[in-house]
Protein chains: 2
Amino acid sequence: MQPVSTALLTDHYELTMLQAALQSGTAHRRCVFELFGRRLPDGRRYGVVAGIGRALDAVTAFRFGDAELADLRSRSVVDDATLAWLADYRFSGDIWGYAEGEAYFPGSPLMVVESSFAEGVLLETVLLSILNHDSAIASAASRMTAAADGRPCIEMGSRRTQEWSAVAAARAAYIAGFVATSNLEAGRRWGVPTTGTAAHAFTLLHDTEEQAFAAQVAALGTNTTLLVDTYDVTKAVETAIKVAGPGLGAVRLDSGDLLVQAREVRAQLDSLGATGTKIVVTSDLDEFAIAALAAGPVDSYGVGTSLVTGSGSPTVGLVYKLVAHEAADGSMLSVAKASKDKKSVGGRKYAMRRRSASGVAQAEVLGIGEPPANDGDDRELLVPLITAGERVYDATLQDARERHAVSRAELPPTAMQMSRGEPCIPTIYEGQ
Amino acid sequence: MQPVSTALLTDHYELTMLQAALQSGTAHRRCVFELFGRRLPDGRRYGVVAGIGRALDAVTAFRFGDAELADLRSRSVVDDATLAWLADYRFSGDIWGYAEGEAYFPGSPLMVVESSFAEGVLLETVLLSILNHDSAIASAASRMTAAADGRPCIEMGSRRTQEWSAVAAARAAYIAGFVATSNLEAGRRWGVPTTGTAAHAFTLLHDTEEQAFAAQVAALGTNTTLLVDTYDVTKAVETAIKVAGPGLGAVRLDSGDLLVQAREVRAQLDSLGATGTKIVVTSDLDEFAIAALAAGPVDSYGVGTSLVTGSGSPTVGLVYKLVAHEAADGSMLSVAKASKDKKSVGGRKYAMRRRSASGVAQAEVLGIGEPPANDGDDRELLVPLITAGERVYDATLQDARERHAVSRAELPPTAMQMSRGEPCIPTIYEGQ
């Protein structure tokens, strides 16, 4: 596939600021930008960083080619001097960040961008778009896989979110422990395993449910999943085993009281000798419904709408702020907007997860300058992503998935509570 | 730009259903699929159809090229016979739908797809992705422009949604009456006007606020908008007029109590002779905050997070259901899933907005077969979009914007209530 330029996935004002800064001579001042959230979504105990790999791809593809420049010129977005500067744009600075899959907390610097003002300011919009979306999905997904407690979760929400968000959502869910997606493009582009068998339309298309089941088994084998709630569940389960035999892979329930039905269907399957036939449930599930089904004989969960909309938090409110810049005398100066309701802490930060001797996370420790002594149990959180313009972070999606599993496992037990509450560990600003 | 194939923006099960139907001989049965919502988002009075133009583009680009086929083969998604059929896929059926920008209600058939099962079932995922997202944004946006009551609204939410959703959101908001967006790609791709001036980072970059304002005015002219809440609003407004003169275009407030501040700033501007300088407010606005600011001297609203997340409803829950198919004897048969909590009404529908003699909408009238007599005041809602595989709907974005303005204007006054309630007109199923 042709790499598509990401340069216009950008707010108009980034370019007008650039024009003004080029004219005033401040555009080349060395700056530090920080990407962070002031808080977690309402009541959440931890957040999950996702989108780092996609964000770095977007930086690489951030190029103003002839098509982009012609458009900006025709719409008089900026002047010719600015267009000439944009034509040569290559990010040549440094970016540090949290490894993809890592847990994060209020104030955690998910990304730290150090570059000239001009180079760094232009990346604001696209970096935030990617990290706000992907982290929202991964943060919701992690609660779902935690609630599922080892039972597989499958992402099937593509139809309930924008078509390209769907691809990104499948990727983010996979990082947070989902085992598969329905989205074929996520399979192609990111290697996420894809699954799927049939919808109600397939049953309705046939003259009888038995004909539909027979057609599906003939084409997809007895290990397939038959959807049993189009007409009458009890009759459908009977028909399913009659058609496929007791070796049928699974049945799927997509409506009604899933806990009650799962128990009835399990008993019926067992009575028919189909003791190995699994039960998949799908029907507006979220982390709370999944937790409520823990008591039932459910083998896997298909999750759609709630996952791709971040289970009530479709964005995580990450912001991108100038925290330090070179002053007229060449020294680096911490800066922060003064408005009372939007506090920022200025300067380039370190970030460390303080852990007990037994490896349990105790605090998110942030500060400016040199990090405090590490007694060997603590973990440094910022890793180099781009150094002097070159991408140095090459974690795979599998790495991110593993990073997430390890990071979540070291959180204290309160992290796994479904109820609303405070972040499971405090954020501590050292040296202030 | 190269058109990107949309064929893999599809759930895995659409292809496995296709394989099974090709084998069982039912794939070529004539079918009617309907795309509709069972209800509006919680408490909304009307919905707004958006995404029709994008959906038709997606149908045109729905092609299984060598890259798509190679991927499906390598991952064993379907068998070779199915791949051969996909290689020749061109939608050759008919699609009717609501004009883009139209209001809709529970049960409204936003799209009706008539084709073989095989051709129609494959489009389910991508059509739903586009219409669920774009209609969610337009439905929220329409409430915002209604609340703004003629004052311009500007879309600036790109950073709070996935990077390509941002482009689609800007388009949907424009249909629903927003005047501009911050998103440059929406300007290039859809011709939505783009605007923007500067962020806090620009002020912080300079040694003093006065230097920042002077740099901005030098580069962008006195008609620019200066952001006045980085440090102290009163001092900033004084500096702004000192630097730009009383001809300054506008000042922007992005924090604090906007109603109180707007009044203070208006008085200050007037006292400085800057009676023509406008006040733009931006800060987590939604339709309720906009309505609350109606009493203040605010000239325009910039709306971000709330808009791009559908103001509490990031998806509108549209579904795509098989409602009729050719039976074994060649007759058309209405079909519907029987589960109690998810009722569908079978068969191919007509849709009409019943209006009073004075042109006020009274009901959404749906039925199967011939529509009832139209007394001249009613409006037929389904228009041909694709006929025998050829796109026949060529409404521009401007057309959709005008369609929305006209459609909203004919709704009864309850439509404009911000409080939660029932749809402003009932949906009536005739002949049942």
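The values are calculated or read from the model by the stated rules, or taken from the named source; none is laboratory data. These numbers come from a predicted model, not from an experiment. Cβ placement follows ideal geometry from the backbone for every residue including glycine, while neighbour counts extend to all protein chains displayed. With ligands, DNA and RNA removed, areas are computed over all heavy atoms of the protein, side chains included. Shrake-Rupley method; radii C 1.70, N 1.55, O 1.52, S 1.80 Å.
Counting only pairs 8 or more places apart or on different chains, how many lysine pairs in chain B have C-alpha atoms closer than 18 Å?
8
Pop out the ³J(HN,Hα) list for the range A:42-50 in order, Karplus 6.51 cos²θ - 1.76 cosθ + 1.60 with θ = phi - 60°, rounded to Hz; leave Gly and Pro as x.
2, x, 6, 8, 7, x, 10, 6, 9
Label position 7 Å from Cα toward Cβ: report the copy-to-copy distances for A:G43 in nm, one decimal, ordered from shortest.
Here A:G43 shows inter-copy label distances of 1.6 nm.
For chains A and B, what's the summed buried accessible area, probe 1.4 Å, to the nearest 100 square angstrom?
7900
How much of B:T414 can a 1.4 Å solvent probe reach, expressed as accessible area in Å² and rounded to 10?
Solvent-accessible area, nearest 10 Å²: 50 Å².
Please give the solvent-accessible surface of A:K321 in Å², to the nearest 10, using a probe radius of 1.4 Å with every protein chain present.
For A:K321, the solvent-accessible surface is approximately 50 Å².
In the protein assembly as shown, if the dipole is taken from +1 on Lys/Arg beta carbons and -1 on Asp/Glu beta carbons about the Cα centre, which of A:G389, A:L83, A:A168 is farthest to the positive end?
A:A168
Using the Cα centre of the protein assembly as shown as the reference point, and only Cβ charges (+1 on K/R, -1 on D/E), how large is the resulting charge dipole? Debye, rounded to the nearest 20.
The calculated dipole for the protein assembly as shown is roughly 980 debye.
Over the range B:152-311, what is the mean sequence separation of C-alpha contacts under 8 Å (at least six apart), divided by residue count, expressed as relative contact order in percent?
Contact order relative to length: 24 percent.
Among the trypsin sites (Lys or Arg not before Pro) within the range B:1-88, which fall in a DSSP loop and have no more than 14 other Cβ atoms within 10 Å of their own Cβ?
B:R38, B:R39
Evaluate E = 1/(1 + (r/R0)^6) for B:L333 and A:A409, where r is the Cβ-Cβ distance and R0 equals 56 Å; express this FRET efficiency to the nearest 0.05.
For B:L333 and A:A409, the calculated efficiency is 0.55.
Taking loop as defined by DSSP and a crowding limit of 15 other beta carbons within 10 Å, which GluC sites (Glu not before Pro) in the range A:9-79 fit?
Within the range A:9-79, no GluC sites (Glu not before Pro) qualify (loop, at most 15 other Cβ atoms within 10 Å).
Please get the size of the charge dipole for the range B:152-311, origin at its Cα centre, with Cβ charges of +1 on Lys and Arg and -1 on Asp and Glu, quoted in debye to the nearest 20.
With only Lys, Arg, Asp and Glu charged at Cβ, the dipole is about 480 debye.
Mind pulling the angle between the C-alpha long axis of helix B:233-244 and the longest principal axis of chain B? Nearest 10 degrees, somewhere in 0 to 90.
That works out to roughly 80 degrees.
In degrees, nearest 10, range 0 to 90: what is the angle between the Cα axis of helix A:12-24 and the longest Cα principal axis of chain A?
20
Residues of the range B:152-311: accessible area per residue at 1.4 Å, in Å²?
30
Want the number for A:E370 to A:S271: 0.36 nm per residue separation, take away the alpha-carbon distance, what's left?
Full extension from A:E370 to A:S271 adds 29.0 nm.
For B:V4, which inter-copy label distances result when the label point lies 7 Å beyond Cα on the Cα-to-Cβ vector, reported in nm to one decimal and in ascending order?
Inter-copy label distances (nm, one decimal, shortest first): 0.3.
I'd like the FRET efficiency for A:E402 and B:A87, computed as 1/(1 + (r/R0)^6) with the beta carbon distance as r and R0 of 30 Å, rounded to 0.05.
Efficiency, from the Cβ-Cβ distance: 0.20.
Using +1 on the beta carbon of Lys and Arg, -1 on that of Asp and Glu, and nothing else charged, what's the dipole of the range A:266-385 about the Cα centre, debye to 20?
Charge dipole of the range A:266-385: 320 debye, to the nearest 20.
On a C-alpha basis, how far is the centre of the range A:8-71 from the centre of the range B:151-194 in Å? Whole number, if you could?
17
Carbon-plus-sulfur fraction of the accessible area of the protein assembly as shown, 1.4 Å probe, in percent?
Percent of accessible area from carbon and sulfur atoms in the protein assembly as shown: 51.
At a cut-off of 40 Å², which residues of the range B:151-172 become less accessible once all protein chains are present than in their chain alone, using a 1.4 Å probe?
Residues shielded by partner chains are B:R159, B:R160, B:Q162, B:E163, B:W164.
Among B:L307, B:A274, B:V243, whose Cα sits farthest toward the positive end of the charge dipole of the range B:152-311 (+1 at Cβ of Lys/Arg, -1 at Cβ of Asp/Glu, about the Cα centre)?
In the range B:152-311, that residue is B:L307.
Taking Cα atoms, how many degrees apart are the long axis of helix B:397-409 and the longest axis of chain B, rounded to 10 and kept between 0 and 90?
Taking Cα atoms only, the helix is inclined about 90 degrees.
By the gyration tensor of its Cα atoms, with a ≥ b ≥ c the square roots of the eigenvalues, what is the shape of the range B:195-246: rounded for a/c under 1.5, prolate for a/b over b/c, or oblate?
Here the range B:195-246 falls in the rounded category.
Give me the residues in the range B:210-243 whose solvent-accessible area, probe 1.4 Å, is reduced by at least 10 Å² once all protein chains are included instead of the chain isolated.
B:A215, B:A218, B:A219, B:L220, B:D229, B:T230, B:Y231
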